[in-house]
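Student: Here it is, the structure, as structure tokens.
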Amino acid sequence: MIASKKDLLYYLESDRIALGRSGEKTLKSFIRELFAPDLVHRFQILLRKTEYYYNTRKESLLSKILLLFYRYRLHRLSVKLHFSVPLNAAGPGLSLAHIGSVIINNGAKLGANCRIHAGVNIGTQAGYGDKAPRIGNNVYIGPGAKIYGPICIADDCVIGANAVVGKSFLNKGMLIAGVPAREIKPVDSRDFNIHATKIIDLNISRALYAGKTAVELKESLKNYGY
């Protein structure tokens, strides 16, 4: 949870790396953002700032005012992009892969470095409001996957496209796929998503990871403990 400015900066940087954005402040990037804005990244920035001001709203009147401002902007962009992501649901290193429908129940919890593709629904058990999934760290969720109920997904799992997941999977590093979903084989989640928080914690230079895919990072950073 984002409870301080330090937390906010950590989440923003983790999300940026997970999304594969360079973060460079150049004239070219300024013009591109002006005429062809990166709406997904903008959404995640608004999400994190709204979380921060929500969590600190009791500290000052300014926090309450800024919460209203950012919440309004977040709501407008959520409707535009078809994202329904509740506050404080996702850990650092969130990566929404594309514009398109993503629905996450208010009771769901997602760990660090979760990559989510379009068409994903993470929902509650029918008839309940908060019996929603708990998803571990470094989990990749493929397009169209449906995950529902009071279940747990272990760290480093990969959920295949259009999988329907209605039970817990507690073995780490497994490919989960099918209707209904089942364990297929062991996988390395670093082949599917960027472990952004680890890159930050290892203090790896931006020059070593900028512009690289998940697979490229796994290979190029192996000597750095990634």
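The values are calculated or read from the model by the stated rules, or taken from the named source; none is laboratory data. It should be emphasised that the depicted structure is a prediction, and the values quoted were computed from it without experimental measurement. Neighbour counts are summed over all protein chains in view; Cβ atoms, including those assigned to glycine, are modelled from backbone coordinates with ideal geometry.
Student: Taking the stated definitions as given, is Ala154 in contact (Cβ under 8 Å) with a residue 40 or more places away in the chain, small (Gly, Ala, Ser) and out of contact with any Cys (no Cβ under 8 Å at 6 or more places or on another chain)?
Tutor: Numbers: in contact (Cβ under 8 Å) with a residue 40 or more places away in the chain: no; small (Gly, Ala, Ser): yes; out of contact with any Cys (no Cβ under 8 Å at 6 or more places or on another chain): yes.
Considered against the rule, which asks whether it is in contact (Cβ under 8 Å) with a residue 40 or more places away in the chain, small (Gly, Ala, Ser) and out of contact with any Cys (no Cβ under 8 Å at 6 or more places or on another chain), Ala154 comes out as no.
Student: Which pairs do you get when a residue that is surrounded by 10 or more Cβ atoms within 10 Å (Cβ to Cβ), found in the stretch 26-40, comes within reach of a residue that is modelled with pLDDT of 75 or more and among the β-branched types (Val, Ile, Thr), reach meaning Cβ atoms under 8 angstrom, with the pair 6+ apart or on two chains?
Tutor: Leu39/Ile99; Val40/Ile99
Student: Looking at the stretch 171-221 only, could you name the residues that are of a type in the set (Gly, Ala, Ser) and either at negative phi or out of contact with any helix residue (DSSP H, G or I) (no Cβ under 7 Å at 6 or more places or on another chain) (or both)? Let's see the steps before the verdict.
Tutor: Kept after step one, since they are of a type in the set (Gly, Ala, Ser), are these residues of the stretch 171-221: 173, 177-178, 181, 189, 196, 205, 207, 210-211, 214, 220.
Correct list: Ala177, Gly178, Ala181, Ser189, Ala196, Ser205, Ala207, Ala210, Gly211, Ala214, Ser220.
Student: For the stretch 207-226, give me the residue count where each residue is over 16 Å from Arg21 (Cβ atoms) and buried (at least 18 other Cβ atoms within 10 Å of the Cβ).
Tutor: Looking only at the stretch 207-226, we keep the residues that are over 16 Å from Arg21 (Cβ atoms), and these are 215, 218-226.
Narrowing further to those that are buried (at least 18 other Cβ atoms within 10 Å of the Cβ): 218, 221, 226.
Number of matching residues: 3.
Student: Same structure, new question: Across the stretch 133-162, what is the number of residues that are touching a Lys or Arg at 6+ places or on another chain (Cβ under 8 Å) and farther than 27 Å from Ile17 by Cα?
Tutor: Here the count works out to 3.
Student: Let me ask something additional. Hey, does the stretch 141-162 have a residue that's small (Gly, Ala, Ser) and closer than 15 Å to Gln44 by Cβ?
Tutor: Let us first name the residues in the stretch 141-162 that are small (Gly, Ala, Ser), namely 142, 144-145, 149, 154, 160-161.
Now restrict to residues that are closer than 15 Å to Gln44 by Cβ: none.
Among the residues of the stretch 141-162, not one is small (Gly, Ala, Ser) and closer than 15 Å to Gln44 by Cβ, which makes the answer no.
Student: Here is a further query. Looking at Ile194, Ile204, Ile141, can you tell me which residue is crowded, with 16+ Cβ neighbours inside 10 Å and in contact (Cβ under 8 Å) with a residue 60 or more places away in the chain?
Tutor: Working: Ile204 fails: in contact (Cβ under 8 Å) with a residue 60 or more places away in the chain; Ile141 fails: in contact (Cβ under 8 Å) with a residue 60 or more places away in the chain.
Exactly one of Ile194, Ile204, Ile141 is crowded, with 16+ Cβ neighbours inside 10 Å and in contact (Cβ under 8 Å) with a residue 60 or more places away in the chain, namely Ile194.
Student: Now, a different point. Which ones in the stretch 7-63 are charged (D, E, K, R) and at pLDDT 95 or above? Steps first, please.
Tutor: So in the stretch 7-63, the residues charged (D, E, K, R) come out as 7, 13, 15-16, 21, 24-25, 28, 32-33, 38, 42, 48-49, 51, 57-59.
Those that are charged (D, E, K, R) and at pLDDT 95 or above: Asp7, Glu13, Asp15, Arg16, Arg42, Arg48, Lys49, Glu51.
Yes/no matrix, rows are residues, columns are (1) within 30 Å of Arg57 (Cβ to Cβ); (2) crowded, with 17+ Cβ neighbours inside 10 Å:
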position	(1), (2)
Ala90	yes, yes
His98	no, no
Arg115	yes, yes
Gly119	no, yes
Ala126	no, no
Asn162	no, no
Leu170	no, no
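Student: Only strands (runs of 3 or more DSSP E) wholly contained in the stretch 128-226 count here; list those with 2 or more residues that are hydrophobic (A, V, I, L, M, F, W, C). Explain how you work it out, then say what you get.
Tutor: Values: elements: 146-148, 174-177, 182-186.
So the answer is 174-177.
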